[in-house]
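Q: Let me begin by handing over the structure; questions about it come next.
Laboratory data are not the source of any read-out in this text; all were calculated from the coordinates shown. Please read all numbers here as calculations on a predicted model, not as lab measurements. Note that each Cβ is placed from the backbone with ideal geometry, even for glycine, and that neighbours are counted across all protein chains shown.
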Amino acid sequence: MTDFSSDLTADTTEPTEWWRTAVIYQIYPRSFADANGDGTGDLRGVTSRLDHLRDLGVDAIWLSPFYVSPMADAGYDVADYRDVDPQFGTLDDADALIAEAHRHDIRVIVDLVPNHTSDEHAWFRAAVVSPPGSPERGRYLFRDGRGESGELPPNSWRSVFGGSAWTRIEEADGSPGQWYLHLFDSRQPDLDWTNPEVREEFHDILRFWLDRGVDGFRVDVAHGLVKAVGLPEWDHGQELLEGATAGGERPPMWDQDGVHEIYRGWRKVLDTYEDRMLVAEAWVEPAERLARYVRDDEMHQAFNFAFLTSGWRAGALREAIAGSIEANDSVGAPSTWVLSNHDVVRHPSRLSVAPDGGLVNGIGSDDPQPDEEIGLRRARAATMLMLALPGSTYLYQGEELGLPEHTTLPDEVRQDPAWFRHHGEVAGRDGCRVPLPWQAGAPANGFSTTGRSWLPQPDSYTRYAADAQAGIEGSTLELYRAALRIRRERRTAACTLAWAEGYDDSVVAFNLPEARVLVVTNLGSEPVRLPEHAAPLLSSEPLDEHGNVPADVTVWCSVPGAS
Ligand code: BGC
């Protein structure tokens, strides 16, 4: 990393509608920091590390679920939406975290899981002991089976995690009973969003957390709540959270027009508070369909998975960038950018094993292994490209350390339901969820005081520990800090993007005219010459001896005007 930017004047003016340019850092609570030493991260652990996040320069945190849950899907199976699971702490800990984060000038977004509950939620427990057709069953999608005695599932839908999307229950009298729909694990029954009681309940849950001071919600599986009337057949397989398009048809379980009315209702609730936001996790294509979630009376943002799945290909990246900006501009919403989260292979490893893009459903010991050096080099360049894009950016915990995926986890420690439901054929998501290394060489590298850790860290994590990188020139942590500082000072995220002319196809290059910044990412193999008037501000690796941009490097330059 080369940082030439110390001569910049600071501009810390707070933009209105903070989410439009915010850098939002995702915390996966069970792997962030463990304050009580039981091997699972907790809310007090998060509070204890807020200084790290302030020094990094993020505007907000998004916390993955910490609600009461049997953890069949790591908390995305909620048994009580209004309380904290004891392994993460208490409601008082949540209040303290929100207050402390605000004191650090960091906003707090919590995860809302409306598509399904846990099978241990009071509603589902009541449903299974109530008769078919009862109001208790009417909160979920129970149906009679097909076949002579209802022994076949009601339709052919598959679970995102593998296997059928239907599970049959035993009725209260012990006879084989109805089936219920679960687009994910069998312990995550889907709610029936045509039921007004379900809608009212979620308005109330929104208010519960808004009243506690949260600044927004990340809405899980936002494209799945409404299913096509009659649950028509869909024989296609189901990739991990994919499913927006298949031969032009829209699957009957995703992106149905009826979801938008729900979000208009939620927006009205949020608008009775100040400055709160909603971000959709919606795996929807094309960009125009996704933009429907962020019309001005719906959500504020939607994750941009087209960018994440572009791989390390200049053309695909340019297309994803241009397509997102155009579609979002058409509805007045900010674009968002993300490279890693708790569902995908960490981008240093992904950009090494899958430079052609798409999703990789985990990496196991038997799979081709990433090249750590190439992966990290590309990841740093990709991150600098992302952080330069206008709009809001999401970071995933540990990416500021350049953490690779854990690709050799022993089978016996795996917990992802996708691994079990695919009978071990795909590694699943545990490898990106490994607890963070804070202190090189300490027990569990400082994740917990006792050295306990719900998943083991790979040996390499000692090298990546936060304290081994802080203050070290060229470290990934210092690169992120410098990039976020320049982004803030030059307000690059509020700029328009103008493609720069005269570069090879294997280069992504654009100007941010209002900030007088030129961004060049070299995805080819030959060094790229910079314009004479461009003065480098920050680069993901040193430029070569001629001042050219080497392969797999991004540079931000100060320029006199648009070039
Ligand atoms: C979450 C996953 C979760 C799934 C089911 C996803 O969108 O990000 O982690 O397994 O929803 O709730």
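Q: Quote the relative contact order of region 116-186 in percent (integer), defining contacts as alpha-carbon pairs under 8 Å separated by 6+ residues.
A: Dividing the mean separation by the residue count of region 116-186 yields 27 percent.
Q: Next question, about the same structure. Starting at the first residue of region 113-126, write each ³J(HN,Hα) from the Karplus equation 6.51 cos²θ - 1.76 cosθ + 1.60 with θ = phi - 60°, in whole Hz, x for Gly and Pro.
A: Going residue by residue, I get 10, x, 6, 8, 10, 7, 5, 9, 5, 4, 5, 6, 4, 5 Hz, with x marking Gly and Pro.
Q: With the crude spin-label approximation of a point 7 Å out along Cα→Cβ, what separation in nm comes out for Val413 versus Asp356?
A: Inter-label distance under the simple model: 3.2 nm.
Q: Kirkwood hydrodynamic radius for region 287-404: how many Å is it when counted over pairs of different Cα atoms?
A: 14.7
Q: Can you bin every Cα-Cα distance in the chain into 10 Å intervals starting at zero and give me the percent of pairs per bin, rounded to whole numbers?
A: Cα pair-distance distribution for the chain, in percent: 4, 18, 29, 27, 16, 5, 1, 0, 0.
Q: What is the chain's relative contact order, in percent, from Cα pairs under 8 angstrom and six or more apart in sequence?
A: 15
Q: What order, most packed first, do the peptides 281-289, 496-504 have when packing is the mean number of other Cβ atoms within 10 Å of each residue?
A: Top to bottom by mean Cβ count within 10 Å: 281-289, 496-504.
Q: Right, here's the next one. Within 10 Å of each candidate Cβ there may be at most 12 other Cβ atoms; applying that plus a DSSP loop requirement, which trypsin sites (Lys or Arg not before Pro) in region 469-555 survive?
A: Nothing satisfies the criteria.
Q: In the calculated pair distance distribution of region 155-222, what percentage of Cα-Cα distances lie above 15 Å?
A: Across region 155-222, Cα pairs with separations above 15 Å total 67 percent.
Q: If we sort 299-310, 459-470 on the protection proxy, mean other Cβ atoms within 10 Å, highest first, what's the order?
A: The packing order, highest mean first, is 299-310, 459-470.
Q: P(r) for region 469-508, please, calculated from all Cα pair distances in 10 Å bins and given in %.
A: 25, 28, 38, 9
Q: Could you give me the ³J(HN,Hα) list for region 301-306, computed from phi with Karplus coefficients 6.51, -1.76, 1.60 and θ = phi - 60°, whole Hz, x at Gly and Pro?
A: Computed from phi, the couplings for region 301-306 are 8, 9, 5, 10, 7, 5 Hz.
Q: What span do the alpha-carbon atoms of region 1-157 cover on each of the three principal axes, reported in whole Å from largest to smallest?
A: Projected onto its principal axes, the Cα set of region 1-157 covers 78, 33, 30 Å.
Q: According to a simple spin-label model (label point 7 Å from Cα along Cα-to-Cβ), what is the distance in nm between Thr272 and Ala122?
A: It is 2.1 nm.
Q: Moving on. For Ala442, what charge total do you get from the other residues with a beta carbon under 15 Å from its beta carbon, if Lys and Arg give +1 and Asp and Glu give -1?
A: Taking every other residue near Ala442 into account, the sum is 0.
Q: Estimate the FRET efficiency between Ser506 and Asp296 by the formula 1/(1 + (r/R0)^6), using the beta-carbon distance for r and 45 Å for R0, to the nearest 0.05.
A: The computed FRET efficiency comes out at 0.75.
Q: How large is the Rg to Rh ratio of region 183-336 when both quantities use alpha carbon positions and Rh follows Kirkwood?
A: 0.97
Q: Take the alpha carbon atoms of region 95-139, find their center, do the same for region 200-220, and report the distance between the two centers in whole angstrom.
A: Cα centroid of region 95-139 versus Cα centroid of region 200-220: 10 Å apart.
Q: Return the calculated 222 nm mean residue ellipticity for the chain, to the nearest 500 deg cm²/dmol, obtained by summing -39500 (n - 2.57) across DSSP H runs with n ≥ 4 and dividing by the residue count.
A: Calculated at 222 nm, the ellipticity per residue is -7000 deg cm²/dmol.
Q: Looking at region 402-494, which GluC sites (Glu not before Pro) are in a loop (DSSP not H, G, I, E or B) and have at most 16 other Cβ atoms within 10 Å?
A: Sparse-neighbourhood loop GluC sites (Glu not before Pro): Glu425, Glu473.
Q: Taking the mean number of other Cβ atoms within 10 Å as a proxy for protection, how do you rank 143-153, 447-457 from highest to lowest?
A: The densest-packed peptide leads the list: 447-457, 143-153.
Q: Could you give the nm distance between label points at His423 and Ala440, where each point is 7 Å from its Cα heading toward the beta carbon?
A: Reported label-point gap for His423 and Ala440 is 4.5 nm.
Q: Among the complete DSSP H segments of the chain, which ones combine at least 15 Å of alpha-carbon extent along their axis with a mean Kyte-Doolittle hydropathy of 1.6 or more?
A: none
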